[in-house]
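The values are calculated or read from the model by the stated rules, or taken from the named source; none is laboratory data. What you see is a predicted model; the values in this text were computed from it and never measured. Heads up, the Cβs are rebuilt from the backbone with ideal geometry, glycines too, and the neighbour counts pull from every protein chain shown.
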Amino acid sequence: MIPQVPELFEAMDRTDPQPARFLEGTYRFLNRVSSPYWRQVRDEMEMWLSHVPHPHRKDLRERLASGNDGQFNGAYLELYLHESFLRLGGEVLIHPDTPSGRHPDFLVRDDVQEFYVEARSILQQSDADRAKGGRQAALYDALQALNSPNFFLWIDVQEIGPDDLPKRPLVRALERWLATLNPDEEQERLTRYTTLYVLKQFEWSDRGWTVSFRAIPKSLPARGHDGIRPLGMFGGLDVDVVDGVGPLKRALLEKGNAYGALERPFIIALGVDWFTARDDFDITGALFGTSQLQFSPATGATRHTRAGDGFWFGGDRWLRTHVTGVLQVNNLQPALFASASPTLWLHPEPARPMVPPEVWSVMDPTNGQMVRREARRSHPDLFGIPEGWPVGVPFPEGS
C-alpha cells in the first residue's frame, strides 16, 4: 500500500516531462519529472521506504535526497536489498550487533537460515574525473537552452579546461553562426556525400577548453519548433584504460575485513555501474586473481592461469573463507530494477555455506569451475509488478 503522505518525494503538481539534464542528479530528476511512467517509479520507492523501520528510515531518505548520486546509489542499493529480502519472506534486521562491535547493513532470517549482508556501491571515477565530467555536463546543460530552430548540434569536446567555461559568449556566438547557415543547403550537402564530416564546422577555444560543433539540419517537420533540445550528437569522449578489478578488490578488502569471523554466513553486495548484465571479467579478476598467460620456452606451450592476488585466491590456498559470497548487482536503477540480474558468487570453500535466495543467479564452484545457475524467480514476480514495468513511455512525444 502506497503511503498517503509521501516521505521521499515532494507532494506537488508536476508539469515538466523533459528528460534528465546533464547536471541533474537522479533524485532531482525523479522529483520533478512528470508523466505516469515516472509516477510509477516514485510510488514504488515510496512504498519500499515505508517498509523500512522508522529508526532507519530517516537516514535512507536523507541519503536518497542528498543530491549526490554516490549517496543516492548506495542508499538505493540498500533499499532494494531490504525490499527484496522482505518479499522473499524473511525477517530483516538493520545494522545488527556482531561480536566485533560493528554493524553490517542487514541480518536476514528465514525458515532455512540466517545470514549477514553488507552493501557497497562503487564509483569507478576519481574525484578529479567526476569534477571534470561535471564541468562538461554544465556546458551541455547551458547549450540546451540556445535558440536553434533549424539545426541539431554535434558537439565534440576536445579539451576540458581547469575551470568552468563561460557559457554566454559561446551561446551567443553559436546562435550567430547558426543564423548564417541554410538548412536546405546543408541537407543537400549531407545527402550528396552521406557523411556528417562534410557539414560546416564551428570551433571555440577559451580558458583551456577546445570545443567544436557541426550543424545537422533538422527534418522539415521539426524545423521552427520550440522545446526541441538542440544537442543531438556527442563526440570527443576520452579513451582510457578502464580498471574495474582495482575498485572491486578495494571495496571487498574494506568490507571483508570489517567484521572479523562472523558466526553466520556473510555476503558482500556490490553495486557497480560499469558492467553489462553478464560481464564477469572484472569480478573474476577481483575474486580469483589477475589473469596471466604462462609460456614454456621448452615446449612453446601456453596456458592461462591466475595470479595469487585475488580476494579469495592466494595462489596455493583459499582466502577469506568467512565471506560466503559476493553479490554482483549491475547498473541498478529505479526505473530498471525489474530487469536487474544480480549474481551471487559463492566461495569455493566457505566456512559457513548458505542456500542462495531464488531471485539471484548463482556462480557455483563445481569441479574447479564457476558454473552459472539462473535465478528461479523473476523480479516482476517477486515485486508484484507486470513484465515491462514501468508501463508506458518515459517521455511523451515532443518532450
Close pairs (7 angstrom Cβ cut-off, 6 or more residues apart or separate chains): more than 14 Å from residue 273 (Cβ to Cβ) and modelled with pLDDT of 95 or more in the range 63-74, assigned to a helix (DSSP H, G or I) and among the polar types (S, T, N, Q) anywhere: 63/71
First in the range 191-212 and aromatic (Phe, Trp, Tyr), second anywhere and surrounded by 12 or more Cβ atoms within 10 Å (Cβ to Cβ) and assigned to a loop (DSSP other than H, G, I, E, B), Cβ under 9 Å, 6 or more apart: 204/165; 209/160; 209/161; 209/165
Output for the range 315-360, where each listed residue is farther than 29 Å from residue 69 by Cα, touching an Asp or Glu at 6+ places or on another chain (Cβ under 9 Å) and either outside any loop (DSSP other than H, G, I, E, B) or among the charged types (D, E, K, R) (or both): 318, 346, 352
Any pair with Cβ under 8 angstrom, 6 or more apart, that starts in the range 312-323 at a residue that is closer than 18 Å to residue 284 by Cβ and ends at one that is among the small types (Gly, Ala, Ser) and not in a loop (DSSP other than H, G, I, E, B): 320/256; 323/256
Residue 140 being within 30 Å of residue 74 (Cβ to Cβ) and among the aromatic types (Phe, Trp, Tyr): yes
Odd one out for residue 47, checked against (1) touching a residue at least 40 places away in the same chain (Cβ under 8 Å); (2) in a helix (DSSP H, G or I); (3) closer than 23 Å to residue 231 by Cβ: (3)
From the options 53, 36, residue that is touching a Gly at 6+ places or on another chain (Cβ under 6 Å), surrounded by fewer than 17 Cβ atoms within 10 Å (Cβ to Cβ), touching a residue at least 12 places away in the same chain (Cβ under 8 Å) and closer than 27 Å to residue 381 by Cβ: 36
Positions within the range 183-212 being of a type in the set (S, T, N, Q) and more than 15 Å from residue 173 (Cα to Cα), in sequence order: 187, 191, 194, 195
